[in-house]
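Here is the structure we will look at.
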Amino acid sequence: MSELFDVVLLTLLILTALAVARARDLAAAAILFAAYSLMLCLLWLHRGAPDVALTEAAVGAGVTTLLFLVVIARTSR
Amino acid sequence: MSLLAIPFGLIGAFFFLAATIGLLRLPDFYSRAHAAAKCDTVGAGSILLALAFALCPGLASFQLLGLAILILIAGPTASHALARAADRRGVAPWTTDDP
Amino acid sequence: MNPRLAAAFVTGLAVPMLAAMAALPRHGSPDQPIHTHVAREYIESGPETGNLVTAILLDYRGMDTFGEVVVIFVGLVAVLVLARHREPALPAASPSPIVAFIVRLVTPFIALFGFHVILSGLEVPGGGLQGAAILGGLVILNGFVFGPQHARSLLPGRLLPWLQGAGPLAFLAAGIVGGIATGFALGYPTHLPLLHEAMLMGVELGIGIGGALIFSRLYLALEDA
Amino acid sequence: MTTHWLPALVAIPIAGGVLVPTMSRRWAPAWGFGVLIATLGVALFLTGLLREDTVSYAVGGWPPPYGIELRFDVLSTFAVPIALVAALAVPFATHSNEPVTTPEGVAVILVGTGGMMGFVVAADFFTLFVFLEVLSISAYGMVAMSEERGAGLAAFRYLLMGTVASIVILLSVGLLYTLTGSLNMADVGQRLPDGGLPLHLAIGGLAAGFLLKAAVFPLHVWLPDAHATAPSAVSAILSGLIVKMGIIGLLRTPGLEHLHELLIWVGAASLLAGALFALVQDDLKRMLAYSTVSNIGLVVLGLAVDRTGATVHILNHAIIKASLFLAAGAFIHRAGSRRIEGTGRSMPLTTSAFAVGGIAAIGIPPTGGFTGKWMIVLGALEAGRWGFAVMILLGAVILALCYARFVVVVAFRPSPADREGTSEAPLVMLVPIFVLAALSVGVGIIGGPFAAFVGK
Amino acid sequence: MTPLLENLDYAATVVLLLIGLWTVLADSNLLKKLMGLNIMETAVFAFIVTSGMIEGGAAPILGPDAAPPFMAPIPHALVLTGIVVAVSTTALALALLLRVHREFGTLEIDELRKRW
């Protein structure tokens, strides 16, 4: 049986993923995706995987989101 | 030293609570951003200070102090950039004339 | 695809997948095969101290990490083929003085932290790739605030084609040196501690610097494709 | 048996690819060609060694299952056609105005070749995945090299479906690892549990992912656009080599025998659907793309009834389909557009090479296409599935109609008035086409001993 | 057989994977499809990291203070590689989308079908 912290975090993760899937505004979806990545990073830290958490924070939430934002800005002007 | 953690933690918690209520209740983008910025700086700053006191003395408390300074720099800058971008985009501030 | 059809398909997939997940060994229990076979060997006979994940990335499974740096390299090169029609990127709207000041203030600290992460990966969480993402993110941040032209000026000009391949090249060099010293490509000579250390550092630096340049160039290519 | 040439097989093209962007535009194609010929030499040397024993290499000196193992076995002989086709595609592309032979373009082809080499010699599931990604990302980039309108969209759809396939494969590798605690293929095979839903999900996931990468009907929807819009030299690599990686992945999947019944039906459907779609195409490259779907179907069917035949057929088909796409590229180059009616009248050499390739693709003896197809037909008969043997022959008849039609269109239709005086293809195009066309016949003539070698 | 409740974390990763797959299949915007793909990828990473977890285990960083049991380190190494693969696929996909947008002026599937 998982701990309460895990259950809350996983529920939030699923809700955020659903929010990304349902968002109509692309920039909002990108920011929600960054939030999703950061929560995932928290989960991994809790799972004893600090290396993965650091990488997810820097690459998944950082670089990927920034690249998404560049493309969203360029395709909507 | 670690007794000092209690008041700072309470202050941080209070600011987080107030900022969250503000974020949900305030009428327009600028005032909500203002509330969120308080949450970032005072709230997170106090809690980090509280943690630093709790772990004092040690390397970790210095790292936490550094983190607090970083947040003190980054939070307001981000709020400022957001508000400025909104202003440039023509988001109008709320006034008392609005319903 | 029609959303309803897609929803039906996804729901149909959910049933067998969830059932299979229920039938897996309980996660977290120490007697599942994942903990009793290869991983145990690494923990028991691996290095005495330090970050085991980095040891696996560079040593036991070095070939995979070589493939990984090749993947980002080829991603960049493919993007560069696409971005040949370049329109000069628009200069950024004049940045707010506050933001500009703060970004100038923190840039050297973040750069220092990036290099720290690259080099300390052997002992604590971190490593070449994480540091590369931090340095690359720093260049992207500067591009957001001061415009892509400024971000481009932060990169080394003439050496760029060499340095962007630094990751694979460092691995190839380590592969050959290790091959001569131990008889196996990508072997690390534990009987020569100084060379061992130098090889690990060289590979980490190669991944870090090459990766940082690749992330920065990916951003620049998207900005003026 | 161990030799350092085995890691070198992967390292040489990748090192070459990493260094190309440092050189000037003029030298890039020559460098690429040289590196690929060197790779071909290594591949031939390793194939020669294989007559005595399988070659195995423990990277970093860590014995399997603790370290990564590379292994050169019968399936890895696919390294020879990989190096050959890639090497011939580079000089072929020097005449096109598409960016295939810019330093970046050559780098993509070289690294992609290295990825395929890593894929065929990997004896570890995660290494297999990593090199699958190297070659897939190169493939998406190769499609995007086309200047044609819509090529970007075709490449994006290819990327989307290819990445879904990769994700499914990674999930299955993760499941296998959770079940066995190991990633080494041989070790996983030994430690596999007897049954259970997770095992079936893992095997099914691997099969689904590789079938998607191999473009089997009805998962083929990405293939025609991607293969038809790509520059012709690249289409030869994509259709001849990269879709075959899905088949090699299937051949590496443990416990595939659980899925034989599925494979035989999917293969038969793909075989017929591909041939029928090919029949209604008016564009030569799209027809060739659908003919690839049909041939992949044949191979998937063959996996279930006669693995040796399937292996022989992917080797032969790589060479045949590459020669056909290069010939199509020569027609398009001379015609200046995709409307190629009558171009062949002034290009007798290319047209005859195309016809030879067509005969080989249909599978008429003594060409290379015959050996594998015949073995699969015999295998189907032996298994008592004579209905499938009939389907294979029916597919061959339909494909024969397709190829005959295009030979007629190219060679006997009058060409449009504005295009009088086209001439034979330039030498750098003609030589690669002829080498491959000659080989597609030659492999058939030595087919018997070759099949015996593969079957061993 | 363990009941699904005991493997709740695995079940959550399956849900995330399917949310991503649904976005890839059903969303009408190509950028959103790409985000769905990223969600699928992270879901698989979450599955792999979860499989290497051990109850009450420590992070696999050895040292004088660290005591077993340790989390299995190989899944962490695999996921690190996977994250890098994901970001480079995403970057290439974004470059392709810029080209699509330059050629057709839109990233909505319905519009693209009309302008093809």
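Any idea what diffusion coefficient chain E gets from Stokes-Einstein, in µm²/s, Kirkwood Rh on alpha carbon pairs, 4 °C, 1.567 mPa s?
Details: Rh = 16.8 Å.
Translational diffusion coefficient: 77 µm²/s.
For the protein assembly as shown, taking Cα atoms only, what is the radius of gyration to one decimal and the Dmax to the nearest whole Å?
Values for the protein assembly as shown (Cα only, Rg and Dmax): 28.5, 96 Å.
Placing unit charges on C-beta atoms (Lys and Arg positive, Asp and Glu negative, everything else neutral), compute the dipole magnitude of chain B about its Cα centre in debye, rounded to 20. Please report the intermediate quantities before stating the final value.
Values: 6 positive and 5 negative charges, 29 e Å.
Rounded to the nearest 20 debye, it is 140 debye.
I need the calculated FRET efficiency for the pair D:Glu424 and E:Lys114, taking r as the beta carbon distance and R₀ as 35 Å, to the nearest 0.05.
Numbers: r = 42 Å, r/R0 = 1.20.
That gives a FRET efficiency of 0.25.
Rounded, prolate or oblate: pick one for the stretch C:76-225, where a ≥ b ≥ c are the square roots of the eigenvalues of its C-alpha gyration tensor, a/c under 1.5 means rounded, and failing that, prolate if a/b is larger than b/c, else oblate.
Values: a/c = 3.79, a/b = 1.76, b/c = 2.15.
Since a/c reaches 1.5 but b/c is at least a/b, the shape of the stretch C:76-225 is classed as oblate.
When a/c reaches 1.5 or more, the comparison of a/b and b/c decides; with that in mind, is the stretch B:2-88 rounded, prolate or oblate per its Cα gyration tensor? List each step's numbers first, then the result.
Values: a/c = 5.76, a/b = 1.79, b/c = 3.21.
Cα axes put the stretch B:2-88 in the oblate bin.
In nm, give the distance between the simple-model label positions of C:Ile98 and D:Phe412, each being 7 Å from the Cα along the Cα-to-Cβ direction.
Placing both labels 7 Å beyond Cα along the Cβ direction yields 8.1 nm.
Would you mind estimating how fast the stretch D:257-456 diffuses translationally, via Stokes-Einstein at 37 °C and 0.692 mPa s with the Kirkwood radius over Cα pairs, in µm²/s? Could the numbers behind the result be given before it?
Numbers: Rh = 17.1 Å.
In µm²/s, the coefficient is 192.
Which aspartates and glutamates, if any, have their Cα less than 16 Å from the Cα of D:Lys285, not counting same-chain residues under 8 positions apart?
Filter leaves D:Glu147, D:Glu148, D:Asp225, D:Glu341.
For the stretch D:114-127, just list the computed ³J(HN,Hα) in residue order, Karplus coefficients 6.51, -1.76 and 1.60, θ = phi - 60°, integers in Hz, with x standing in for Gly and Pro.
x, x, 5, 4, x, 5, 6, 9, 5, 10, 9, 4, 6, 4
Give, as a single signed number, the net charge of other residues whose beta carbon lies under 15 Å from the beta carbon of D:Lys244, with Lys and Arg counted +1 and Asp and Glu -1. Don't skip to the end; give the middle numbers.
Details: positive: D:Lys213, D:Arg252, D:Arg307, D:Lys321; negative: none.
Combined, the nearby Lys, Arg, Asp and Glu give +4.
For C:Gly50, what residues show an amide H to amide H distance below 5 Å, using hydrogens built from the backbone and excluding near sequence neighbours?
Counting only residues 5 or more places away or on other chains, the set is E:Leu62, E:Gly63.
Mind running the shape call on the stretch A:4-75? Use the C-alpha gyration tensor, a ≥ b ≥ c as the square roots of the eigenvalues: rounded below 1.5 for a/c, prolate if a/b tops b/c, oblate otherwise. Mind showing how you got there, number by number?
Values: a/c = 4.94, a/b = 1.44, b/c = 3.42.
Since a/c reaches 1.5 but b/c is at least a/b, the shape of the stretch A:4-75 is classed as oblate.
Summarise the partner chain shielding of C:115-124 as one whole number: the mean count of Cβ atoms from other chains within 10 Å of each residue's Cβ. List each step's numbers first, then the result.
Working: counts 0, 0, 2, 0, 0, 0, 2, 0, 3, 6.
Across C:115-124, the average partner-chain Cβ count within 10 Å equals 1.
A short reminder: the numbers here are calculations on the coordinates, not readings from a lab. Only a predicted model underlies this, so the values are computations on that prediction, with no experimental measurement involved. Counting neighbours? That spans all protein chains shown, and the Cβs are built from the backbone with ideal geometry, glycine included.
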